[in-house]
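The values are calculated or read from the model by the stated rules, or taken from the named source; none is laboratory data. Please read these numbers as outputs of a predicted model, since none were measured by experiment. Cβ coordinates were reconstructed from backbone atoms using ideal geometry, including for glycine residues, and neighbour counts include every protein chain displayed.
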Ligand code: OOG
Ligand code: MG
């Protein structure tokens, strides 16, 4: 099957919330080709009117790598359709088997089109916020190879952003808790994200430059989860609290 055909399969699985079997079971493709499948599947979304609003990093913490059995960092694209307003009620039926995870989000001030070193990274960023990512692998049983998950736009399905804070707010070692219906279900530290979430922004600049993706001013960068992700069910309120950054939440029906 061509990379375009594979892109159509993952795109339709996401669009219809219908799980598929792992693409890599029947097709051989490299990591580079997996990113081409992702780009082609995103082009299909753009053709339907979705707008690119940012990028996300995945597997930037050990907890996530261990949970999903993968060994390397990945990046994916975020669209306006995935952005969920604070305190919104979302429908479980729109997803296959969604999971939530606690993250930090960055707001881009100045276009990033090349690798930016750590010493300059803050010049490109306007603010930082606590956030929740909803991931929803299109693969049956949430099982995939690294190439599969890249092709599937890194399981991206939704994200909710909390209140913005100044770029100089310390975020290197903040307690991050994920609550479901008022109970803590995951707890960690922002330090789990590459030792410092700013490293994710540096990594985003490097990976996006490598794959020719410009990160425009006004875009979001999601740094990757600090803890394992948790499956969602009907009638839940999902909240993330990040020390000093505050809380962010949504409900699922
Ligand atoms: C892939 C996405 C990983 C993260 O924050 O590490 C990710 C997955 O776990 O399905 O978003
Ligand atoms: Mg994530």
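General observations
- All of (1) over 14 Å from the mean Cα position of the chain (by Cα); (2) away from ligand 1 (no atom under 12 Å from the Cβ) hold for residue 144 with one exception: (2).
- Residue within segment 200-219 that is without any contact (Cβ under 8 Å) to a residue 60 or more places away in the chain and under 21 Å from residue 94 (Cα atoms) present: no
- Filtering segment 187-208 to residues that are surrounded by fewer than 17 Cβ atoms within 10 Å (Cβ to Cβ) and touching a strand residue (DSSP E or B) at 6+ places or on another chain (Cβ under 8 Å) leaves 187, 189.
- Test: residue in segment 86-97 that is more than 10 Å from ligand 1 (Cβ to nearest atom), under 12 Å from the mean Cα position of the chain (by Cα) and within 21 Å of residue 177 (Cβ to Cβ): no
- Filter result for the condition that a residue is over 17 Å from the mean Cα position of the chain (by Cα) and in a helix (DSSP H, G or I), over 64, 32: 32
- Given (1) more than 12 Å from ligand 2 (Cβ to nearest atom); (2) not in a strand (DSSP E or B), index of the condition residue 77 fails: (2)
- When the test is whether a residue is within 16 Å of ligand 1 (Cβ to nearest atom) and without any contact (Cβ under 8 Å) to a residue 24 or more places away in the chain, residue 195 passes it.
- Residue 207 meets the conditions (1) part of a loop (DSSP other than H, G, I, E, B); (2) under 19 Å from residue 38 (Cα atoms); (3) within 16 Å of ligand 2 (Cβ to nearest atom) in every case but one. The failed one is (1).
- Within segment 52-70, the set of residues being more than 9 Å from ligand 1 (Cβ to nearest atom) and in contact with a helix residue (DSSP H, G or I) (Cβ under 6 Å, 6 or more places away or on another chain) comprises 53, 55.
- Which numbered condition residue 81 misses (of (1) surrounded by fewer than 19 Cβ atoms within 10 Å (Cβ to Cβ); (2) at positive phi): (2)
- Matching residues, segment 149-180, being touching a strand residue (DSSP E or B) at 6+ places or on another chain (Cβ under 6 Å) and either at pLDDT below 95 or within 10 Å of ligand 1 (Cβ to nearest atom) (or both): 150, 153, 154, 155, 156, 157, 159
- Residue 62 vs. criteria loosely packed, with under 13 Cβ neighbours inside 10 Å, under 24 Å from residue 227 (Cβ atoms) and in contact (Cβ under 8 Å) with a residue 40 or more places away in the chain: yes
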